[in-house]
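Engineer: First the structure, which I've put down as C-alpha cells, then a few questions once you've had a look.
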Amino acid sequence: MTRYALSELKPKERGIIVKVGGEGPVRRRILDMGVVPGTEVEVVKVAPLGDPLDLLIRGYHLSLRKEEAREILVEKV
C-alpha cells in the first residue's frame, strides 16, 4: 500500500498512521498526544495558507503544523 506524508492528505481524507518521524521533544509531544502507529486520523480542514492542519484523532481535534505533519507517514483508508 502507498504511504503518504500526513501533510499531503486533503480535507475529509483518512489514513492509518504507519510511522512517526522527527526527533527530540517535538516527536515526544506528538506521540504523547496519541499520534501513534496504528491510529486512524482524518484531516478535517487545512488553514488557508496550508498551516496548520486540523485533525480528528481518537475522538478529539488536534492542530499540527505542516512541518510536523510532514514527518508522519500514513496509509490512506
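Engineer: So which of Val44, Val35, Val74 ends up being touching a helix residue (DSSP H, G or I) at 6+ places or on another chain (Cβ under 8 Å) and among the β-branched types (Val, Ile, Thr)?
Structural biologist: Result of the check over Val44, Val35, Val74: Val74.
Let's see how each residue does on (1) modelled with pLDDT of 95 or more; (2) farther than 15 Å from Arg14 by Cβ; (3) not hydroxyl-bearing (Ser, Thr, Tyr):
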site	(1), (2), (3)
Thr39	yes, no, no
Glu42	yes, no, yes
Lys45	yes, no, yes
Asp51	no, yes, yes
Leu55	yes, no, yes
His61	yes, no, yes
Glu67	no, yes, yes
Val74	yes, no, yes
Val77	no, no, yes
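The values are calculated or read from the model by the stated rules, or taken from the named source; none is laboratory data. All of these numbers come straight from a predicted model, not from anything done at the bench. Cβ atoms come from the backbone with ideal geometry, glycine included; neighbour counts cover every protein chain shown.
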